[in-house]
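Note sheet for the following structure.
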Amino acid sequence: MPKDSTSNRRAKPPAVPLSKRDQRDGRRVPEPRAGEGWDLDPVEVNAEYASMVQRQLALLGEDPSREGLLKTPDRVANAMAWLTRGYSQCVEDVVGDALFEEEHRNMVMVRDIELYSLCEHHLLPFFGKAHVAYMPNGRIVGLSKLPGIVEVIARRLQVQERLTEEIAGAIEDVLAPTGVGVVIEAYHLCMMMRGVEKQNSEMDTSSVLGTFRESQATREEFLALIGARS
Ligand SMILES: [Zn+2]
């Protein structure tokens, strides 16, 4: 049988180009509950971003002046500022002074760290779990700091491969351990919602440095710990 061609991947019914859409009549759209989600972690609204979202709504064929959409540009501006807050944070600030001298030489691992990020190709979420481990070399970090490092790096526009490597690199920079291992298992809405590769929408990536790369025993211990479920 011939291999599945791109024609089979086309969405049905196909999307209507933005330039050919009728403008939506706001009076005929049912209104959502007023103020829904409005007070969620508000920050100072970026007016320029909000006006860009208003334009975006119109280009999608919507009526930005209908009641349900009136606050949407400000909401989206706030939400995007929050979802990309990692740009204004750095790993050093997250770690702070939570570094300790310690002669512990066995693997330290935090498993199932909740992870949310935005794919830089579609600005759609990908989300899942990160598993982070390192082999100390005279220095350890407060355990809660590892999820914090993941969080700062994930809250930027990312691709999963680079996210994985940046987390490993950050731990190497902060701790100078003898090895680092990071595994991320994530679902990508840009694949799931667009109907692309639904079967393979969970993606696994890993980054291993130092002993995690050189020693098969260390790598296997790491993978076994990820697989172990209580
Ligand atoms: Zn994407």
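Each reported figure results from applying straightforward, stated rules to the coordinates on display, with no laboratory input. Source: prediction; values computed, not measured. So basically every Cβ, Gly included, is an ideal-geometry build from the backbone, and we count neighbours across all protein chains shown.
Divide, for the chain, the radius of gyration over alpha carbons by 2.2 N^0.38 Å, where N is the residue count. Intermediate results must be reported in sequence, preceding the final value.
Values: Rg = 22.2 Å, N = 230, 2.2 N^0.38 = 17.4 Å.
Its radius of gyration relative to the 2.2 N^0.38 Å reference: 1.28.
So how many Lys-Lys pairs in the chain land under 25 Å Cα to Cα, not counting same-chain pairs under 8 apart?
Numbers: K3/K12; K3/K198; K12/K20; K12/K198; K129/K145; K129/K198.
Total qualifying Lys-Lys pairs in the chain comes to 6.
How high is the relative contact order of the chain, in percent, counting Cα pairs under 8 Å that sit 6 or more residues apart?
Once normalised by length, the contact order is 16 percent.
Measure nothing but the geometry: give the 0 to 90° angle between the long axis through the Cα atoms of 216-227 and the longest principal axis through the Cα atoms of the chain, rounded to 10°.
Approximately 50 degrees, to the nearest 10.
Applying a 10 Å radius around every beta-carbon, put 14-27, 156-169 in order of their mean neighbour count, most first.
Values: 14-27: 9.6, 156-169: 18.8.
Packing order, densest peptide first, comes out as 156-169, 14-27.
Just the number, please: percent antiparallel of the DSSP beta bridges in the chain, rounded to the nearest 5.
Here the antiparallel bridges make up roughly 95 percent for the chain.
Please find the FRET efficiency linking A176 to Y116, where r is the Cβ-Cβ separation and R0 is fixed at 30 Å, and quote it to the nearest 0.05.
After rounding, the FRET efficiency stands at 0.55.
Against the empirical 2.2 N^0.38 Å scaling, what ratio does the C-alpha Rg of region 93-227 come to?
Numbers: Rg = 15.2 Å, N = 135, 2.2 N^0.38 = 14.2 Å.
Against the compact-globule rule of thumb, the ratio is 1.07.
Compute for region 80-170: radius of gyration divided by Kirkwood radius, i.e. Rg/Rh, restricted to C-alpha atoms, rounded to two decimals.
Dividing the radius of gyration by the Kirkwood radius yields 1.00.
In debye, nearest 20, what is the charge dipole magnitude of the chain about its Cα centre with +1 on Lys and Arg Cβ and -1 on Asp and Glu Cβ, if you could check?
On the way: 28 positive and 35 negative charges, 276 e Å.
Dipole about the Cα centre, nearest 20: 1320 debye.
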